[in-house]
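Before any comments, here is the structure.
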Amino acid sequence: MKYHITLLIELKDGILDPQGRAVEGVLQGLQFKAQNVRVGRVLEMEVEAGSEAEARATAHSIGKALANPVMEVFVVEAVKELA
Amino acid sequence: MKYHITLLIELKDGILDPQGRAVEGVLQGLQFKAQNVRVGRVLEMEVEAGSEAEARATAHSIGKALANPVMEVFVVEAVKELA
Amino acid sequence: MKVAVIQFPGSNCDQDTLWALRLVGLKAEPVWHTERSLEGFQAAILPGGFSYGDYLRAGALAKFSPVMEAVRRLASGGYPVVGICNGFQVLTEAGLLPGALLANTNLHFTCKDVYLRVERTDLPHTTGYRPHQVLKMPIAHGEGRYYADAETLERLEQNRQVVFRYAPAPEEAEEGYNPNGSLHDIAGIVNEQGNVLGLMPHPERAVEGVLGSEDGLPFFVSLKQALEGIA
Amino acid sequence: MEGTLPPLLQETGVPLHEYREIVRLLGREPNRLELYLFKVMWSEHCSYKNSRPLLRLLPKDGPAVLQGPGENAGVVDIGEGWAVAFKIESHNHPSAVEPVQGAATGVGGIIRDIMAMGARPIALLNSLRFGKLEGPEGNRTRFLVRGVVEGIAHYGNAIGVPTVGGEVYFHPDYQDNPLVNAMCVGLLRADELRRSRASLGRPVYYVGSKTGRDGIGGAAFASEELSEESESKRPSVQVGDPFMGKLTLEVTLEAIRQDLVEGVQDMGAAGLTSSLSEMAHKSGLGLELNLDLVPKREAGMNPLELMLSESQERMVLVPRAGREQDLEALAARYGLDAVPVAHTIAEPVFRVVAGGQTVAEVPTHALAEAPTYVREGRENPAIAAARAHDLSPLPLPQNLEETLLRLLASPNLCSRAPIFERYDHQVGTNTVLVPGKGDAAILRVKGTRRGIAVKVDANPRYSKLAPRLGAMHALAEAARNVSVVGARPLAYTDGLNCGNPETPEGYFELSETILGLAEASKALGLPVVSGNVSLYNEGPSYRIPPTPMVGVVGLLENLERRAEMGFRKAGELVVLVGSPEGHLSASEYLWVVHGQEAGSPPPLELAQEARAQAAIRELIEQVWVQTAHDVAEGGLAVALAEMCLPYGLGATLEVRSPARPDALLFGEAPSRILFTVEPARLQQAVRALEQRGLPHQILGQVGGDRLTLLLPKTRLEWRVAALRKAWATPLREVLP
Ligand SMILES: Nc1ncnc2c1ncn2[C@@H]1O[C@H](COP(=O)(O)OP(=O)(O)O)[C@@H](O)[C@H]1O
Ligand SMILES: [Mg+2]
């Protein structure tokens, strides 16, 4: 079966996020009350798997392969079966 | 009240995503059966709002300000009240 | 007859652009992005660099700078407005030019000389060129792949809004000359009115023999003549 | 204190004898924070405790020197009121842990050293060392190369300082310990030179990014061997923010231009601790720092974290009396924090206050003057044996034409375009000689006819086999590269990357390297004005070859009179200065073709080296010569091929010598220079060489699309296109 997976890769807490800082400054300039802005990457893809659990495990392994353990953490945001 | 919001900004379908392709190549090299990989951005932040609906509306306006409609779409992925 | 060179936080070709403008005898002054007026200026250049670090997306944050309203007014008054490299990205992000500039297909910043064909010589920025003249000019960008939907591209071509196209070097093989994957080999475009122009290559880096090319000089000389016409 | 170590010593790793010295200097036991201040300030990185006695041997004075070692960067006079500041700095350990950010922050750090002198950074260079590209280790090497190049590009391109040159070298001995050294050159008006000084009672401003928990203890980390434990130190990665860097740069330079500040200091390794305590010490004063005022990125940071943080993009500015408001307004315009976090005091102590309490107070001189060590060195016998190895039975390759292609495709000789194309090398519109076109980069000084040439160099194979001679070669070659573009070398900066000085072998290599540099400096008349020492590039199973990265800056009084390396005019004659025969020992050829690293590096006759360089400068100055190239790794054949590549123009040349053909084609020797000259100017050129007693040969003529070499018994020929293909592809595969 095919599953659609969504992975978020984000900077670890405490690691400086220059992008987030710059975006925050601009948003505040636009009068949005936004704080602690962090910018990360989202990856969407389709994987083959026998079950949702298997797809989730694959998503996990992919997150591990792609995130930089020195600075980043990943979250498996969603796993959905495709028709 | 404070809300945590998560925004995804992604390339429109049909627009060449060389980063997605590169990631796909890497994943296939690692024997993952991943297809149609797309890479976008995730923004997380805290906003002040009177209600969840208001927070969602703010998230929407921020997405509009930051995404480029020529090639991108945005999704308000999550709005959560903070303790 | 004075040109404003807009300085966004992170612009880094502002001084080079001022140098090139002054070299051809134009009066030019830097204008900090928080200014709200361009009173007294008859043209504006948005220079290259990394406005706001190019964070999020090149040009995405600079479009919110206070000065952009004044740039818009100058443009709608018919005065020449130019975006070079990052400036081109800002102009598309701000909607002053159609389309968008995406990450190069090679996914990395590329700095080298490229060749451009001049498609229009009737603009305030290009009267100094010969039709179809091939220019040598450096590029230096990571997000220069011109993109627009099919309809917009069609319209650009119909209206002859494509001003510069990547081209093969004179006497060289055909392929591989497009450095970033731009659609229709687009390196620079102009708006319908013909006064707002954006291009990815750096004419200000090609204004003296000692820098390797003088092909950018006519760009600034044209602008000077056009401005003399206005004054 | 006898018997078991106090827990604090175990925690900090401060050795007992240093602890005793600290107690003696303080007249009491230090508290935990104080002990950490000593730990970082007495680390090799900040204190040079193993290298300082040796560095004293280097000549530091010269007619052009405005500022020698001891400040954030050295400064030389280039005439017409202009001066040039430059320095090299290592970021090896951070780059091994996180290549992108490690390299990026290395670039950011050296830029801040240059701007601390009041100079506008106008050029960056870098000197990189990686392990093997082949075999199973190749994957990690490629990961590091890609990351480091991306990091350098990310920071340099965005802050708007062109990366105009550098060098990259692959050798298995760097497999576990890559080297990333960055050099920056800045331009200033001589009368705007600033130093790290403050007068009494002045507020001391913190300007730039907020302080977070970045790189806690980095300076001490850089002085430790890499170990399993470094893995656990990962969370402390510093992230570079070139955008903030650019704003900080503009504020600092504008403050100097408007004469708002009397003193400037960057916050580099050991952050607040070293920048403030050293500034106070150099000023002969004390300083009181209030940590409550320090801009913080995260809540709950304790004094220790604040004192050791290596957050990037921070500067220390000391305003002139009455200009405080102007400075604050200037910083506000750029959206930067500018906070008076400290003030100078008469009592010569470094006092740290938090929450109204004094949390540390130590004499400034005690922090600044770490004990120094002079140790016993001993050469590793295996290296002495390799150097003495007999190479006479070396077989000749079957096919010499193929051998040249193989050499051109080797990682140390192939095209660097895949790397330098990722660097903006033109921003600033001063780059006259871009990467790939000449042996050194040339930058013009706008508004004058002057230019400066810069190049950084080091041959680790030479240094591995003979550290002293290797260091001499490094300086000679860097200076030669500057001379062959037409510039007169003025001074140099050196990045000394070595192993653990606490081992006899490591100390031997360090001391020999410095002795070699000292000898070459004297003979070539070149003073050192700045530098860096990175020791402990060693682990349980490896030690890097001593790697003295030498960055030379030279002056062209008339920019019009310069040379580049590519053949450009058919019909010009090609002349070789020096002997056609080179040494196979320690050569790139020996390594690539015969898989050996043995023998001694070629002998170096410094007086002849100086004469050869003076001769080529004169020929360029006379405008007889516009094409020149030094003969370095890979020997004569590689150098000639390199001259064909930039413009695709070939040459037909004859080499007359009874030596074995591989020694003629690929043998290495210093003091050799190739140049071209129009037939009408040949006599004059040759006379200039004869007057200096320099051996030379007229080899032949430029022209056609082939390189043809006639040896006594062989005729060799290559299409330039074939040379280019072999040379251009290898690094493209690493950096597509
Ligand atoms: N190998 C060397 N040769 C010459 N000078 C050196 C060398 N190493 C360090 N120096 C000088 O010692 C001083 C202290 O260096 P360093 O601690 O690296 O300065 P910073 O903290 O500003 O980076 C500087 O002036 C530097 O130029
Ligand atoms: Mg410093």
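Pick out, from segment D:334-374, the strands (runs of 3 or more DSSP E) lying fully within it that include 2 or more residues that are farther than 30 Å from D:V251 by Cβ.
D:357-363
On the basis of being of a type in the set (S, T, Y) and either surrounded by fewer than 20 Cβ atoms within 10 Å (Cβ to Cβ) or within 24 Å of B:M71 (Cβ to Cβ) (or both), does C:T34 make the cut?
yes
Got at least one residue in segment D:470-486 being more than 15 Å from ligand 1 (Cβ to nearest atom), of a type in the set (D, E, K, R) and surrounded by fewer than 24 Cβ atoms within 10 Å (Cβ to Cβ)?
No - not one qualifying residue is present in segment D:470-486.
Scan segment A:26-52 residue by residue and report those that are more than 7 Å from every other protein chain (Cβ to nearest Cβ), of a type in the set (G, A, S) and surrounded by fewer than 18 Cβ atoms within 10 Å (Cβ to Cβ).
Passing the criteria: A:G50, A:S51.
I'd like to check something: does segment D:76-98 contain any residue that is under 23 Å from D:G263 (Cα atoms), without any contact (Cβ under 8 Å) to a residue 40 or more places away in the chain and away from chain A (no Cβ under 14 Å)?
No, that holds for no residue.
Which of the following residues is buried (at least 24 other Cβ atoms within 10 Å of the Cβ), among the β-branched types (V, I, T) and more than 15 Å from the chain's Cα centre (by Cα): D:V84, D:V107? Show your work before the answer.
On the way: D:V107 fails: more than 15 Å from the chain's Cα centre (by Cα).
D:V84 is the lone residue from the list that is buried (at least 24 other Cβ atoms within 10 Å of the Cβ), among the β-branched types (V, I, T) and more than 15 Å from the chain's Cα centre (by Cα).
C:L74 versus (1) more than 9 Å from every other protein chain (Cβ to nearest Cβ); (2) more than 17 Å from the chain's Cα centre (by Cα); (3) not acidic (D, E): which is the lone unmet condition?
Only one criterion is unmet by C:L74, namely (2).
Does segment D:91-111 include one or more residues that are more than 13 Å from ligand 1 (Cβ to nearest atom), out of contact with any Gly (no Cβ under 8 Å at 6 or more places or on another chain) and at pLDDT below 95?
Looking for residues that are more than 13 Å from ligand 1 (Cβ to nearest atom), out of contact with any Gly (no Cβ under 8 Å at 6 or more places or on another chain) and at pLDDT below 95, one finds at least one in segment D:91-111, hence yes.
Among the residues that make up segment D:498-505, is at least one of them surrounded by fewer than 24 Cβ atoms within 10 Å (Cβ to Cβ) and part of a strand (DSSP E or B)?
No, segment D:498-505 has no match at all.
Take segment D:72-83 and flag every residue that is within 14 Å of ligand 2 (Cβ to nearest atom) and out of contact with any Phe, Trp or Tyr (no Cβ under 9 Å at 6 or more places or on another chain).
D:N72
With the condition being of a type outside the set (A, V, I, L, M) and either in contact (Cβ under 8 Å) with a residue 12 or more places away in the chain or in contact with a Pro (Cβ under 7 Å, 6 or more places away or on another chain) (or both), I'd like the strands (runs of 3 or more DSSP E) fully within segment C:8-99 carrying at least 3 qualifying residues.
So the answer is C:27-32.
Sort out which residues of segment D:692-736 are basic (K, R) and within 14 Å of chain C (Cβ to nearest Cβ), and write them in order of number.
Going through segment D:692-736, the residues basic (K, R) turn out to be D:692, D:706, D:713, D:715, D:719, D:724-725, D:732.
The answer is D:R724, D:K725, D:R732.
Could we say that A:V75 is more than 13 Å from chain D (Cβ to nearest Cβ), of a type outside the set (G, A, S) and in contact with a Ser or Thr (Cβ under 8 Å, 6 or more places away or on another chain) here?
No: the conditions fail for A:V75.
Restrict the check to segment D:111-118 and report whether at least one residue is of a type in the set (K, R), more than 16 Å from ligand 2 (Cβ to nearest atom) and not assigned by TED's automatic domain parsing to the domain that holds D:G268.
no
Of all the residues that make up segment D:381-410, how many are part of a loop (DSSP other than H, G, I, E, B), of a type outside the set (D, E, K, R) and either surrounded by fewer than 20 Cβ atoms within 10 Å (Cβ to Cβ) or within 8 Å of chain C (Cβ to nearest Cβ) (or both)?
So the count comes out to 11.
Can you name the residue in segment D:246-281 that is part of a loop (DSSP other than H, G, I, E, B) and within 10 Å of ligand 2 (Cβ to nearest atom) and is also farthest from the chain's Cα centre (by Cα) among such residues? Spell out how you get there, then give the answer.
Within segment D:246-281, the first condition is being part of a loop (DSSP other than H, G, I, E, B), and the residues that meet it are D:258-260, D:267-270.
Retained after the next criterion (residues that are within 10 Å of ligand 2 (Cβ to nearest atom)): D:267-269.
Numbers: D:M267: 20, D:G268: 17, D:A269: 17 Å.
The extreme case among them is D:M267.
Of the conditions (1) part of a loop (DSSP other than H, G, I, E, B); (2) more than 22 Å from D:A354 (Cβ to Cβ); (3) more than 16 Å from ligand 1 (Cβ to nearest atom), D:M301 clears all except one; give me its number.
In the conditions (1) part of a loop (DSSP other than H, G, I, E, B); (2) more than 22 Å from D:A354 (Cβ to Cβ); (3) more than 16 Å from ligand 1 (Cβ to nearest atom), D:M301 misses (2) alone.
Residues checked against (1) under 30 Å from C:N12 (Cα atoms); (2) out of contact with any Ser or Thr (no Cβ under 7 Å at 6 or more places or on another chain):
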site: D:E376; (1), (2): no, yes
site: D:L394; (1), (2): no, yes
site: D:P397; (1), (2): no, no
site: D:T403; (1), (2): no, yes
site: D:V427; (1), (2): yes, yes
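Please indicate, with yes or no, whether at least one residue in segment A:56-66 is within 14 Å of chain D (Cβ to nearest Cβ) and under 18 Å from B:A59 (Cβ atoms).
Pass one, segment A:56-66, residues within 14 Å of chain D (Cβ to nearest Cβ): A:65-66.
Going one step further and asking which of them are under 18 Å from B:A59 (Cβ atoms), we end up with none.
No, because not a single residue in segment A:56-66 is within 14 Å of chain D (Cβ to nearest Cβ) and under 18 Å from B:A59 (Cβ atoms).
Yes or no, residue by residue, for (1) closer than 17 Å to A:L27 by Cα; (2) away from chain D (no Cβ under 14 Å):
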| site | (1), (2) |
| --- | --- |
| C:C13 | no, no |
| C:W19 | no, no |
| C:K27 | no, yes |
| C:P30 | no, no |
| C:E35 | no, no |
| C:A43 | no, yes |
| C:L46 | no, yes |
| C:L56 | yes, no |
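Anything in segment C:194-213 that is more than 11 Å from chain D (Cβ to nearest Cβ) and over 15 Å from C:H141 (Cβ atoms)? List them, or say none.
C:G194, C:N195, C:V196, C:L197
Return the residue satisfying two criteria in turn: it lies in segment B:11-25 and is more than 7 Å from chain A (Cβ to nearest Cβ) and assigned to a helix (DSSP H, G or I), and of such residues it is surrounded by the fewest Cβ atoms within 10 Å (Cβ to Cβ).
Looking at residues that are more than 7 Å from chain A (Cβ to nearest Cβ) and assigned to a helix (DSSP H, G or I), I get B:G25.
Given the conditions (1) more than 7 Å from every other protein chain (Cβ to nearest Cβ); (2) part of a helix (DSSP H, G or I), and given that A:Y3 satisfies all but one, which numbered condition is not satisfied?
Here A:Y3 clears every test but (2).
Quick check on segment D:524-533. Is at least one of its residues assigned to a helix (DSSP H, G or I), over 16 Å from the mean Cα position of the chain (by Cα) and either under 17 Å from D:R378 (Cβ atoms) or more than 16 Å from ligand 1 (Cβ to nearest atom) (or both)? It would help to see each step written out before you state the result.
Looking only at segment D:524-533, we keep the residues that are assigned to a helix (DSSP H, G or I), and these are D:524.
Going one step further and asking which of them are over 16 Å from the mean Cα position of the chain (by Cα), we end up with D:524.
From what's left, either under 17 Å from D:R378 (Cβ atoms) or more than 16 Å from ligand 1 (Cβ to nearest atom) (or both): none.
Among the residues of segment D:524-533, not one is assigned to a helix (DSSP H, G or I), over 16 Å from the mean Cα position of the chain (by Cα) and either under 17 Å from D:R378 (Cβ atoms) or more than 16 Å from ligand 1 (Cβ to nearest atom) (or both), which makes the answer no.
The values are calculated or read from the model by the stated rules, or taken from the named source; none is laboratory data. Just so we're clear, the structure is a prediction, and the values are computed from it rather than from any experiment. For neighbour counting, all protein chains shown are included, and Cβ atoms are generated from backbone atoms with ideal geometry for every residue, glycine included.
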